[in-house]
Every structure is written in C-alpha cells, then in structure tokens.
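Worksheet: one structure, shown below.
The values are calculated or read from the model by the stated rules, or taken from the named source; none is laboratory data. Nothing here was measured: the structure is a model prediction, and the numbers come from that model. Here the Cβ positions follow ideal geometry from the backbone for every residue, glycine too, while neighbour counts run over all protein chains shown. Heavy atoms of the whole protein, side chains included, go into the accessibility calculation; ligands, DNA and RNA do not. Shrake-Rupley method; radii C 1.70, N 1.55, O 1.52, S 1.80 Å.
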Amino acid sequence: MTEALRVSNLSKTFPRSRGLFARARPGVRALRPVSFAVETGETLGIVGESGCGKSTFARMLVGLLPASGGEIVIEGRRLDTADPARFGKMIQYVFQDPISSLNPRKTIRQIMEAPLRRLHGMGRAARAARIAEIFDSVHLRPDFLDRYPHEFSGGQAQRIGIARALAAAPRILVLDEPVSALDVSVQAQVLNLLARLKAEFGLTYLFISHDLAVIEAVSDRVLVLYFGAVVEIGRAESIFKHPRHPYTRLLADSAPVVGRPLRAPEQRGSELPDPLDPPPGCAFAGRCPRATDLCQTEEPPLRPMGEDQLAACHRPLED
C-alpha cells in the first residue's frame, strides 16, 4: 500500500491577546505535535470530546488554518499554502453543518461550478457534464441545481456538500462530523453513500466524529485525541475490543447503548483541563482513576502496546 497522507510533528498554538503594557504570555496549545500516516484507500477515524482539537486539526490538514509547526505531506508532496489550488485538487473538506457551509446567495449550480472553474479551468460544457456525473453519483436531481441552499433538508444539503468536495476530483476527503447534525435515519443514508463513493472514486477518508458508534462502523484505524494530543492509535477492532488508554475506555463506557442503562463511568473529574493553565504531566491524570504521582509530573510518550496499537499512558489497561 502507498501512503496518501503523512503528518509529522504537526502542532498549533494560538497567541493570547494582551494589553498595551502587559507582558507577553504563552499561547494556547490547541494541538500538540502529532505524527501519523494514512494509506491510500484507508479510513482513519479521529475521535475525542468537544474541545480536544479535532476541528482545528481538520482545518490544518486542508490548509484553512496555518500550522505552528510540523509538516503535511500528500502523496509525497509537502503542503504549501502558497499554492492552494494545487492541493485543492488533492484534498477537500466536508463541513459539519451542511446548510451554513453553502453560500446562501449562490445557486447550487454556481456553488458546484466554483471548484471546476477555479481549480480545473473547465469550460461551460465540461462543467455541466462533470456536475451531472457527480449529482448522479450522490443521488441528487438535476433540477436542484437552480435552487438555493435554504430550500433543502439537512440530508440533501450534506449530499450537496459532498458533491461540491468531489467536484475538485480529490484523492482525500476530510469529513468533519459529517452526520452529527442529521437525523439518525438520514445518518445511515449518508454513511452508506460515503462508503459507496469511497469505492467508486478510490478515495481516502479522514473521518472526524465524537460518536464512537459511527467511528467503529466506518473506520479501518482509529486515532484518539485528548487535550490536543494523540493518546491512542491503532486498528479499529483492537481499539474497541482492547483499549489501552483509560480515556479511550472512558469514551466507550460513556456512549449510550440501546438496552443498557446509563451509568457514569469511573473517573475522578468530568472536565477537560484549563487550556490557559495546562497541568504538568499527563493531561488526563486529573480524571484518571489509575493515575499515580508519575502521571502528575511526567508526560507519557506514545509507545507501542501490542502488535498494532500505540498509547500514551504510564499505566495502560491490560487485555
């Protein structure tokens, strides 16, 4: 298998505002150095609580947000924001909110034509043919093209968003919570559509979600983010059957399951650390029932746990 994407020590720090005479303060670390690779045709699920850095990470991958450090390499070429069109043909973004991601003043035809005209320089006849092909692939009617975004349901709008991303003919799609704003029945339709499109167009997915059931259903491998850092990564079946990091177990135990009564998982706290005053050592130590003095003072490195998992934990869970 060839590599579709490689991320090396990617990080993001947002500067903190200060008064005219105030001393400079350290910035807020939204994403600590992250490194991983994604193979062509693979779906990497990225999961974590709200505020863990998922959307910041996603926007950096497609060049919407500049990185503070590290590099992004797509098919052997380093991402260079100086030439956005070059990488717009390789990687595209599907937004969480399907309605607000579409320009309300443009018709669907105008929205669909933008990447074809700007990225590929297509003429009118070529654009029309390409749009007809994509609309057929996502099961949208041709008469939708002359309507505006507010005239569609959430599921229809998300399929339009997916069609817009496909118009650029990318090899990688970053899907940022693509079904979280949809009804459960519509979620299943969109997930089935994404699976078919992946096979039809030979796509590679980075699928971001806080819903473990969705991540388990679509992912080949899973990356778990906590407080801007990778705490576990591995094959999906291994992550869900035998999580090594206590935070991964916490996420699994917190997810509601039909027929199982809700119960609070074992933990010492319920909130993420303060990003303006991050704790020393392991960021999860304040919530972890297995934390020791070492966890409070020394940040654990990401290291191998078994054959196909890595976890950042001083006291990992056993099988």
- Item | Residue among E49, E75, E113 that alone is of a type in the set (D, E), without any contact (Cβ under 8 Å) to a residue 60 or more places away in the chain and out of contact with any Ser or Thr (no Cβ under 7 Å at 6 or more places or on another chain) | E113
- Examine region 255-276 for a residue that is closer than 13 Å to A311 by Cβ, out of contact with any strand residue (DSSP E or B) (no Cβ under 6 Å at 6 or more places or on another chain) and either open to solvent by 10 Å² or more (accessible area, probe 1.4 Å) or at pLDDT below 90 (or both), and state whether such a residue exists. no
- Looking only at helices (runs of 4 or more DSSP H) that fall completely inside region 52-142, which ones have 3 or more residues that are surrounded by 17 or more Cβ atoms within 10 Å (Cβ to Cβ)? 54-61, 108-120, 124-137
- Query: Assuming G161 fulfils every condition listed in (1) touching a Pro at 6+ places or on another chain (Cβ under 6 Å); (2) over 19 Å from S55 (Cβ atoms) apart from one, which condition is it?
  - Reply: (2)
- Message: I'd like the full set of residues that are of a type in the set (D, E) and on the phi < 0 side of the Ramachandran plot, limited to region 131-186.
- Response: E133, D136, D143, D146, E151, D176, D183
- Could you tell me whether region 156-168 includes any residue that is in a loop (DSSP other than H, G, I, E, B), under 17 Å from F95 (Cα atoms) and in contact (Cβ under 8 Å) with a residue 60 or more places away in the chain? yes
- Query: Only one of (1) in a strand (DSSP E or B); (2) open to solvent by less than 10 Å² (accessible area, probe 1.4 Å) is not met by V230, so which one is it?
  - Reply: (2)
- Task: Read through the list (1) more than 23 Å from G88 (Cβ to Cβ); (2) under 18 Å from the mean Cα position of the chain (by Cα); (3) at pLDDT below 95, then give the number of the only condition that P178 fails.
- Result: (1)
- Any pair with Cβ under 6 angstrom, 6 or more apart, that starts in region 91-107 at a residue that is at pLDDT 90 or above and ends at one that is open to solvent by 70 Å² or more (accessible area, probe 1.4 Å) and charged (D, E, K, R): T107/D146
- Report yes if L116 is closer than 15 Å to Y93 by Cα and at pLDDT 90 or above, otherwise no. no
- Index of the failed condition, Y148 passing every other in (1) more than 30 Å from I74 (Cβ to Cβ); (2) open to solvent by less than 10 Å² (accessible area, probe 1.4 Å): (2)
